[in-house]
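**Q** Mind having a look at this structure? Questions to follow.
The values are calculated or read from the model by the stated rules, or taken from the named source; none is laboratory data. Bear in mind that the values here come from a model prediction, so they are computed numbers and not experimental data. Using ideal geometry, Cβ is built from the backbone for each residue, glycine included, and neighbour counts are taken over all protein chains shown.
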Amino acid sequence: MLAAGMLRRALAVDPQRPDVHEQLFRRTGRAPRGAAAEVEPAALAEAHPYDPWARLRAGRAERDAGRPEAAVEHWRWALFTADLDPVSAQAAFLELARRAEDARGMSQVPVHLFADESVRAHAGWRFRLRLALRAVSDALDPILSTALVPASIQGFDAEDAGAGLSELTAAFQRRGRPDPPRGMLVLLTERHAPARGRSRKLGEAQFLGRRLIARLEEDEILSRVLAHELLHLYGAVHLSERVDSLMNPTGGEWVIRAPNAAILKQTRKRRFGPGGLERNVLSFVDLDATIDAYLAVIRANLALRRAGIQEVLDDVSTPRARAQRLRTVAQLDPHLGDVCSFTARLLWRAQRGPEAVRLFDTAAALYGPRSPEGRAARAQADALLQQLRRSAPAPP
Ligand SMILES: [Zn+2]
C-alpha cells in the first residue's frame, strides 16, 4: 500500500495514470458531509480530491476569494468524476457555464460508459474511462462547446461473443437491463479486430443516434476512434479518403473540415433523451442551414462515388480486381443512406416535397433496394408522393 503522498507525487509527474488515480481514490474517498462546517473547503477538497461535492464547495470558496482560475480548476474536477455525485457535478457545471465568456454558451451531455472484459482487465479501468472521456471532451470542445461528463460506468459481459463490433453490441443488448433514458451510450472494448471481413472496423455509431462502440488501443487515453464515432452521433459524415480529416476513418488527422463544421454548428445543441430524431435533433437545428450543409455533403459524396465507380469501370485488369474495387468504393460511407433519408425528412419539413421524394429514392438505392432500410426509404418516398399528388390542385 502506497501512501497518499507518494500517489500524489506520481500523479504530478504523470496525471494520466488510471491505476494511480484509483489507488488515491480508495485512500481518500468521499468527504463526510457533516464535517463541512468545521473544515476549510480547500482542505476538504485536498483530502477528498475525487469528491464532486468537496470540489464544488472549494470552487465556490476560491471564487469568493477572488481566485477564478482556481475555482474553475475545482469545478472541472467535479465534472471529471461526475458519476460519483451527479447532483454536485451538475451544480459545478452551472457554475462553469455562468463563467463562460463565450456567448454561445456551454452544453453538457451525460455519458454512460460500458466496458467489456478486455477493458476491465486493467487496474483502475474506471478512471481510465473517465480520463478517456475528459480527453475527448476537451479535444472536441472547440467545435462542440460541450462538456461530456460520466453519468455511470459499468461493465458488460461479452466473454462468449466474438470480437466483431456487431457481436459485441449484441452482447451488450443482451445484458438484460433497459438502457438509461437519457445520455449517450458509449461501449468500449480493447479486443483486437478480427483479421478479416467487415468486422475489422474500429468503431461504429448510430447516425444522429445515441449509441456508439469503439475499440481502444491498449492503455490508450485520447482515442481518435472515439472522437470520430462521437461526431457521427452529432451527424458528421465521411468525406473523401483523399482528404485528411478526423471524419476520415483511416489516417491520424484530427482536423474537422468545413462541410462537417457546418453540420456540427447546427447539431451541437442536440439532446440525448427519449423521443428520437424529432425531439432530440430536429427541434434544435436551423432547418434551412442544416439542409444546405447536408445537400453540399451529399452532392460531393455522390459525385465522388460516381468518379470512383468510373475508375473501377475503366480498370482493365481482371473482373475479380474490378469487383474488389467496386466493393471498396461502395463502402466509402456506410452512413450515406442515413444521411440522405435524414436530409429528406428535413426537406419535407421545409415543404420541399419533390426534393424529399427524390432523396428518399436515393437513400433506397444507397441502402440497397432489398435491404430493410432500403424498403423503408422506398415506402417513405411512395407515401410522400401520394400526399403530394393529393394536395396538388386538381387539373381544370
Ligand atoms: Zn465513421
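**Q** May I ask you to list the residues in region 219-244 that are away from the ligand (no atom under 12 Å from the Cβ), without any contact (Cβ under 8 Å) to a residue 60 or more places away in the chain and either assigned to a helix (DSSP H, G or I) or more than 18 Å from ALA258 (Cα to Cα) (or both)?
**A** Scanning region 219-244 gives no hits.
**Q** Could you check, for region 117-128, whether at least one of its residues is outside any helix (DSSP H, G or I) and of a type in the set (Phe, Trp, Tyr)? Spell out how you get there, then give the answer.
**A** Residues of region 117-128 outside any helix (DSSP H, G or I): 121-124.
Cutting the leftovers down to of a type in the set (Phe, Trp, Tyr) gives us none.
No: region 117-128 contains no residue that is outside any helix (DSSP H, G or I) and of a type in the set (Phe, Trp, Tyr).
**Q** Moving to a separate point now. Might you let me know whether region 172-182 holds any residue that is aromatic (Phe, Trp, Tyr), away from the ligand (no atom under 16 Å from the Cβ) and more than 11 Å from the chain's Cα centre (by Cα)?
**A** First, pick out the residues of region 172-182 that are aromatic (Phe, Trp, Tyr): 172.
Those still in the list that are away from the ligand (no atom under 16 Å from the Cβ) too: 172.
With more than 11 Å from the chain's Cα centre (by Cα) added as a condition, the list becomes 172.
There is at least one residue in region 172-182 that is aromatic (Phe, Trp, Tyr), away from the ligand (no atom under 16 Å from the Cβ) and more than 11 Å from the chain's Cα centre (by Cα).
**Q** Looking only at region 247-261, which residues are more than 18 Å from LEU304 (Cβ to Cβ) and surrounded by 18 or more Cβ atoms within 10 Å (Cβ to Cβ)?
**A** Hit for region 247-261 is ILE256, nothing else.
**Q** Another question, if that's okay. Out of region 177-205, which residues are farther than 16 Å from LEU113 by Cα, assigned to a loop (DSSP other than H, G, I, E, B) and touching a residue at least 24 places away in the same chain (Cβ under 8 Å)?
**A** ARG191, HIS192, ALA193, PRO194, GLY197, LYS201, LEU202
**Q** Kindly establish whether ALA379 is in a helix (DSSP H, G or I), of a type in the set (A, V, I, L, M) and exposed (fewer than 13 other Cβ atoms within 10 Å of the Cβ).
**A** Working: in a helix (DSSP H, G or I): yes; of a type in the set (A, V, I, L, M): yes; exposed (fewer than 13 other Cβ atoms within 10 Å of the Cβ): yes.
Spelling it out, ALA379 is indeed in a helix (DSSP H, G or I), of a type in the set (A, V, I, L, M) and exposed (fewer than 13 other Cβ atoms within 10 Å of the Cβ).
**Q** Can you tell me which residues in region 271-293 are within 22 Å of VAL109 (Cβ to Cβ) and not hydrophobic (A, V, I, L, M, F, W, C)? Give the derivation first.
**A** Going through region 271-293, the residues within 22 Å of VAL109 (Cβ to Cβ) turn out to be 271-286, 289-290, 293.
Scanning region 271-293 gives ARG271, GLY273, PRO274, GLY275, GLY276, GLU278, ARG279, ASN280, SER283, ASP286, THR290.
**Q** Another question, if that's okay. Can you tell me which residue within region 195-204, out of those that are surrounded by 15 or more Cβ atoms within 10 Å (Cβ to Cβ) and either outside the structural domain of ARG128 (by TED's automatic domain parsing) or at pLDDT below 90 (or both), is farthest from ALA171 (Cα to Cα)?
**A** In this case the residue turns out to be LYS201.
**Q** Follow-up. Can you spot a residue in region 318-336 that is crowded, with 16+ Cβ neighbours inside 10 Å, within 16 Å of the ligand (Cβ to nearest atom), assigned to a helix (DSSP H, G or I) and at pLDDT 80 or above?
**A** Yes, the conditions are met somewhere in region 318-336.
**Q** Output the residue which, of all residues in region 41-56 that are in contact with a Leu (Cβ under 9 Å, 6 or more places away or on another chain) and assigned to a loop (DSSP other than H, G, I, E, B), is surrounded by the most Cβ atoms within 10 Å (Cβ to Cβ).
**A** The residue in question is ASP51.
**Q** Report yes if some residue within region 105-117 is surrounded by fewer than 20 Cβ atoms within 10 Å (Cβ to Cβ), closer than 25 Å to VAL136 by Cα and small (Gly, Ala, Ser); otherwise report no.
**A** Looking for residues that are surrounded by fewer than 20 Cβ atoms within 10 Å (Cβ to Cβ), closer than 25 Å to VAL136 by Cα and small (Gly, Ala, Ser), one finds at least one in region 105-117, hence yes.
**Q** If you don't mind, another one. Would you mind telling me which numbered condition in (1) out of contact with any helix residue (DSSP H, G or I) (no Cβ under 7 Å at 6 or more places or on another chain); (2) assigned to a helix (DSSP H, G or I); (3) basic (Lys, Arg) ARG27 fails?
**A** Every listed condition holds for ARG27 apart from (1).
**Q** May I ask you to list the residues in region 88-119 that are among the hydrophobic types (A, V, I, L, M, F, W, C) and out of contact with any helix residue (DSSP H, G or I) (no Cβ under 8 Å at 6 or more places or on another chain)?
**A** LEU94, ALA97, ALA100, ALA103, VAL109
**Q** Continuing with this model, one more query. Check GLU22 against each of (1) on the phi > 0 side of the Ramachandran plot; (2) touching a Phe, Trp or Tyr at 6+ places or on another chain (Cβ under 7 Å) and name the one condition it does not meet.
**A** (1)
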